[in-house]
Every structure is written in C-alpha cells, then in structure tokens.
C-alpha cells in the first residue's frame with residue numbers, strides 16, 4: 001500500500017508563473033538601465049555642444065558665451081551646472097533628470113571642455 005499524495009498536476013503552471021514574473025522583473029530592470037544610459041548619453045552630447053557653443057561665443061564676452069551654453073543645453077532638456085572659462089578654454093558641466101521608478105528622480109551629469117587646438 002502506498003500512502004501520500006503523488007499527484008503533481010498543475011505544478012508546471014506554478015513554475016511558469018514564477019518564470020514569467022522573473023522575466024518581467026528582468027525586463028523592467030533592463031528598461032530602467034537603458035533609460036539611464038540614454039539620458040547619460042544625452043547629457044554628454046548636451047555638454048559637448050554647450051561647450052562648443054560657449055567656445056564659439058567667447059569673442060562676445062564670458063557672459064554671452066555662458067548664455068550660449070545655457071541656451072544649447074536648455075534645448076536638449078538639460079541644465080548647465082557650471083560654466084568655467086580659463087583664457088580661451090571653456091568647461092561646461094550639465095545635468096539631466098533620470099526617472100528611476102523606485103528610486104525617484106536622479107540626475108545624470110556630464111562635463112565637456114572646448115577651446116582652441118594647441
């Protein structure tokens with residue numbers, strides 16, 4: 001005589017549900033990481049273009065150069081954190097907001113430098 005339950009019908013359904021849940025969690029994490037990487041690249045591009053715009057505008061003065069950098073960065077939905085000018089070299093730092101659902105909104109930052117070739 002055998003005692004105990006040997007019927008395992010439905011166990012594949014439970015395993016499949018667990019596997020699909022894990023797949024959804026991994027997919028959501030990849031979407032968040034991809035979003036953060038994309039915003040970081042946008043911030044770097046904005047910093048590069050803002051530094052170039054400031055370097056081009058240096059002949060009009062330092063305020064006009066930094067204003068040009070802020071305008072270019074604003075068009076790329078970023079914010080200039082600092083605009084430092086040393087002779088003919090310009091260093092611009094920008095930030096861009098990244099929405100990370102459980103962690104809230106964080107900032108992705110980037111720095112770029114532009115000036116004449118030596």
Counting only helical runs of four or more DSSP H residues, what would the 222 nm mean residue ellipticity of the chain come to if each run contributes -39,500 (n - 2.57) and the total is spread over all its residues? -18500 deg cm²/dmol
Which percent of Cα pairs goes in each bin when the distances of the range 7-114 are cut into 5 angstrom slices starting at zero? 2, 14, 18, 14, 10, 8, 7, 6, 5, 4, 4, 3, 2, 2, 1, 1, 0
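Arranged from highest to lowest average of other beta-carbon atoms within 10 Å per residue, in what order do the peptides 39-52, 74-87, 13-26, 57-70 appear?
39-52, 57-70, 74-87, 13-26
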Rounded to 10°, Cα long-axis angle of helix 11-56 versus longest principal axis of the chain: 0 degrees
Value of relative contact order over the range 7-114, rounded to a whole percent, pairs C-alpha under 8 Å and six or more apart: 26 percent
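Here, each number is a calculation from the coordinates, and none is a lab measurement. Treat the numbers as computed from the prediction; the structure is a model and nothing was measured. Cβ sites come from the backbone with ideal geometry, for glycine too, and all protein chains shown count toward neighbours.
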